[in-house]
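For reference, the structure discussed in these notes is given below.
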Amino acid sequence: MGRDLHSYSSSLGRATLHISLIPKYRHRIFGYTRIKNVCERIFFEIADEYNFVIKEMGFDIDHVHLVVDVGPNYSASDIVKLLKGISSRKLFRIFPWLRERFFWGGHLWSGAYFFDSIGDVNYEVIHNYVRKQELNGNYQRTLMEFMPPILMGGSWHSIFFFYNQIVFCS
């Protein structure tokens with residue numbers, strides 16, 4: 001994942017989540033290729049309608065993983081509610097036998113879900129950045145100074161931002 005930040009009306013940043021959803025009773029419904037394909041299409045339609053981006057999606061036989069850019073307007077629970085609620089209604093409408101065979105209680109998804117934030121920096125980098133914030137004359141330290149070196153052109157470099165210009169150091 002690059003250091004791509006998104007500009008919104010009053011903010012700049014990125015909020016990317018890894019989300020995993022499980023069908024109720026962990027039924028293996030995604031072993032049916034048609035159900036998996038329809039569910040995938042429904043998820044992309046939901047993302048398009050509600051203005052968030054699904055960057056990656058992967059199905060196993062009994063769960064689905066998503067990497068989602070949510071922006072500043074949604075929480076993990078908001079995204080999960082949208083995905084679970086709309087997809088279950090549409091899947092039950094398209095495949096009515098699902099309710100009869102697997103989900104007689106009327107709920108397609110388990111109440112539980114997994115989520116985790118994804119970013120370019122780990123906890124230690126952010127921790128050091130916050131702890132060591134200070135002004136030295138006209139120079140303010142930036143997060144990039146605390147980033148691990150990157151490999152460019154076959155050699156390792158540290159990247160610094162100094163007065164809005166990128167400075168590479170070997």
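Any read-out appearing in this document is the output of simple, stated calculations on the displayed coordinates, not a laboratory observation. For clarity, every value in this text was computed on a predicted model and none was experimentally measured. Don't worry about glycine lacking a Cβ; one is built from the backbone with ideal geometry, like all the others, and counts go over all protein chains shown.
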Considering every residue within region 41-53, establish whether at least one is in contact with a strand residue (DSSP E or B) (Cβ under 7 Å, 6 or more places away or on another chain), within 13 Å of ILE19 (Cα to Cα) and without any contact (Cβ under 8 Å) to a residue 24 or more places away in the chain. yes
Give the number of residues within region 101-122 that are surrounded by 12 or more Cβ atoms within 10 Å (Cβ to Cβ) and without any contact (Cβ under 8 Å) to a residue 40 or more places away in the chain. 1
Enumerate the pairs (first residue in region 76-93 and at negative phi and in contact (Cβ under 8 Å) with a residue 60 or more places away in the chain; second residue anywhere and assigned to a helix (DSSP H, G or I) and of a type outside the set (Val, Ile, Thr)) with beta-carbon separation below 7 Å, excluding pairs fewer than 6 apart on the same chain, so at least 6 apart or on different chains. LEU83/PHE43
